[in-house]
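Student: I am attaching a structure below and will ask some questions about it afterwards.
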C-alpha cells in the first residue's frame with residue numbers, strides 16, 4: 001500500500017519463509033533508504049557492482065530471452081499483478097509531516 005511504502009521503516013520485515021540471501025536483503029535495504037546513502041547515487045556501476053548481481057553478465061543481458069513474458073492488453077493492464085485488499089488505514093504516529101501527508105490522511 002502507499003502508506004506502507006512511504007513508511008517503509010515501520011513496515012519492512014523480511015519473513016523467514018522468504019529465505020532471502022544476505023545479499024538480497026542488503027540490496028533491498030540499500031535501495032530503500034535516504035537518497036544520500038542510496039545504492040546508485042554514484043551511478044549505475046555502483047548498482048552493477050553489488051554482490052547480488054555478481055553472476056550477471058551485463059554485456060549479454062540485452063540479448064537474453066526473458067524468463068517470463070507477460071501477456072498485456074494495454075498500458076493500464078494489471079492482470080499480471082496479485083490483488084491485495086487495502087486493510088491498513090492508519091498512518092503511524094511517528095510519521096513526519098511532509099508534502100505527501102495530506103494525501104495519506106484522506
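Student: Round to the nearest 0.05 the FRET efficiency obtained for residue 31 and residue 10 when R0 = 25 Å and r is the Cβ-Cβ distance.
Tutor: In this case the efficiency is close to 0.90.
Student: Could I have the simple spin-label model distance between residue 24 and residue 63, label points 7 Å from Cα toward Cβ, reported in nm to one decimal?
Tutor: Between residue 24 and residue 63, the label points sit 2.9 nm apart.
Student: Report the extension gain between residue 17 and residue 82 in nm, rounded to one decimal, defined as 0.36 nm multiplied by the number of residues separating them, less their alpha carbon distance.
Tutor: 21.6 nm
Student: Could I have the simple spin-label model distance between residue 56 and residue 38, label points 7 Å from Cα toward Cβ, reported in nm to one decimal?
Tutor: 1.6 nm
Coordinate-derived values only; no laboratory data. Bear in mind the structure is a predicted one, so any value in this text is a computation, not a measurement. Cβ coordinates were reconstructed from backbone atoms using ideal geometry, including for glycine residues, and neighbour counts include every protein chain displayed.
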